[in-house]
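What follows is one structure encoded as structure tokens, with my remarks underneath.
Only the coordinates and a few stated rules stand behind these numbers; no lab work does. None of these values were measured; they are calculated from a predicted model. Cβ placement follows ideal geometry from the backbone for every residue including glycine, while neighbour counts extend to all protein chains displayed.
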Amino acid sequence: MAVSDNLERPGPIPAAAGIGLRGPYHAEFISDSPEAAWLEAHSENFFAPGSIALTALERIRENYPVSLHGVGLSIGSADPIARDHLENLAELVERVQPGLVSEHLCWGSVGGYHLNDLLPLPYTEEALAHMVERIGQVQDRLGRKILIENVSSYMEFRNSTIPEWEFLASVAASSGCGILLDVNNIFVSARNHGFDPLEYLDAIPADKIEEIHLAGHSEQLFDDHSVLVDTHNAPVCAEVWTLYETLLSRIGPRPTLIEWDSELPPLTVLLEEAGKAQKLMDRAHELAA
Amino acid sequence: MNSLRELQARCYRAFLQGEDAPLREDLVDKTIPASISIRVYQNNARETYRGALAASYPVIERLVGDACFRGIARKYMLDYPSSSGDLQNFGAALPELLAELYADTGFAYLPDVAALEWAMEEVQLVEENKPLDLTALAEIDPGSYPHLRFVRSTSARLVSSRYPVLSIWRSNQPDTDTPVNLDAGSEHVVISRSGSDVALVPVAAAAAELAALIETGIPLGLAIESLAETTAADATPDIARALQDLTSARLLGRFELSPPMSTH
């Protein structure tokens, strides 16, 4: 019997603002139980059975809805799915019983070697069929629907024939997965590649969007070229808040996560960012009423 | 599928190994020139691996400094390329690389400090072992002691060094800047998981030597004989004290009798 079968735990992820659960915050969540609607953990950090991190997550899970967000499954790789990675994920999902499970619209390995990055695919019919088939493998093994998140990108392939937003919508339609829409990633990619982020937002079917990510990015100079890089080390910028508000006005409130992964601030800063997202969701609720 | 695989292989070679030219042909030269796109991902790869190593080896990073650590991380990502989407075990071979780089230099202590830091990583990733069952041990017939075979706790490691490895580690914690005499001699340390923390306990040379013998799987009697052979004639090894040290440092996880016998 799985540990999860014995426990009364908070239920599904609410349509409210949550924050990313990172290691330095574990102790605070265990000892002080700060108010947060839900938490999202990076799956790979909890793969080791009995580890200090997993023990902490299980304690935190007793008090908070939790989603699991993978960064290393490399679904879009031409390599076969790494069975050990998928088995580790399945075991973790069984143990934690998360409200949502998500992965990325990306690849990261070739020939068994990993780049440990979220690399964009060429948006072709071949890649589309591949992603749909691979998401099916993952959903079959986990016995549940997963969400797929759009990534930030700094390159475009010449052989792409489908706009990214149409590709993402088609992946979801054909595989039955949901969409985790990262508004910051749309903003970053739109600025880097010169497309209209509103066109992207409008192209994603509302009923497929089951979670939203918000994060900070940074501007980096390479020679004289300015590139926005998805660094998750800063507050959400004003333009991304505006896009988020626009999205909410179309689709209504959705579980929304504040992601912050490096140069971590005190937990209160993340909770304040989540508070801003919550206010915008509350306003969307009122307008919809 | 072949075209996707080939494209991904060109990306890998460009981002990790610096073979830019073939990939440039695949990329759109629009808002971001292809050469810049490749540099962004090359930079991301270097930062990802540097960050993963820095998270596991903060003391090594402090000892060698930022620029040198970046150089080490860059060599490491090429010599020990990642083979998993899970980076938790990525840094396992850094002590080996540091040994290769610094064996005959004034920094020959670095591999041992790295081994200490990696042991700290390892014990965090495993379930905490129960301490050795001393009550069960007390019930063993003393005549059977030579046949006792101790097994190391799965949540503990021993690092033995001819350098003052624990003193180096302690003096390089945040907000600490105590000088260390590198000629102070050897130190031996047991690293073990203790709840949600990691404990570092120094042990004497005799205890470390006994632990190394126990690790080979030989019974206690043979370990004692072997220890006596390597000890000076006028200095009888204090086995009871060594076992006590290893037990209180939580290095020993359990025991078996060889040949198998009942403990009652």
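Things to note:
- Two-site FRET efficiency, B:TYR80 against B:GLN173, from Cβ-Cβ distance with R₀ of 25 Å, rounded to 0.05: 0.40
- Charge context of B:GLU117, other residues only, Cβ under 12 angstrom, K/R +1, D/E -1: -2
- Between B:ASN43 and B:GLN17, the distance separating the two model label sites (each 7 Å from Cα on the Cα→Cβ line) works out to 2.5 nm.
- Between B:ALA34, B:ALA228, B:ALA55, the GNM of chain B built on Cα springs shorter than 10 angstrom shows B:ALA34 fluctuating the most.
- Each residue, A:ALA206 and A:ALA238, gets one label point 7 Å from its Cα in the Cβ direction; the gap between the two is 2.9 nm.
- Gain on full extension, evaluated as 0.36 nm per residue between B:ARG162 and B:ASP197 minus their Cα-Cα distance, stands at 10.0 nm.
- The C-alpha atoms of the protein assembly as shown occupy a region whose extents along the principal axes are 85, 54, 46 Å, arranged from largest to smallest.
- Taking the longest Cα principal axis of chain B as reference, the axis of helix B:205-215 is set at about 80 degrees.
- Applying 0.36 nm per residue to the separation of B:ALA212 and B:ASP141 and subtracting their alpha-carbon distance, the gain on full extension is 23.1 nm.
- Label point distance in nm, A:LEU221-B:GLU225, each placed 7 Å from Cα along Cα→Cβ: 7.3 nm
- Charge sum, other residues only, whose C-beta stays under 14 Å from B:ARG10's C-beta, Lys/Arg counted +1 and Asp/Glu -1: -1
- GNM result for chain A, Cα springs below 10 Å: residue of A:ALA234, A:ALA78, A:ALA27 fluctuating most strongly: A:ALA27
- All other residues whose Cβ lies under 10 angstrom from that of B:SER186 are scored, Lys and Arg at +1 and Asp and Glu at -1, for a net of -1.
- Fewest-first ordering of B:ARG250, B:ARG193, B:ARG149, A:ARG83 by other beta carbons within 10 Å of each residue's beta carbon gives A:ARG83, B:ARG149, B:ARG250, B:ARG193.
- Efficiency of FRET from Cβ geometry, A:ALA288 and B:ALA92, R₀ 51 Å, rounded to 0.05: 0.45
- Given their separation in residues at 0.36 nm each and the Cα-Cα distance between them, B:LYS30 and B:ASN181 gain 48.6 nm when the chain is fully extended.
- Rounded to the nearest 20 debye, dipole of the protein assembly as shown from Cβ charges on Lys, Arg, Asp, Glu: 280 debye
- Global geometry of chain B, whether rounded, prolate or oblate, following the gyration tensor of its Cα atoms and the 1.5 cut on a/c: prolate
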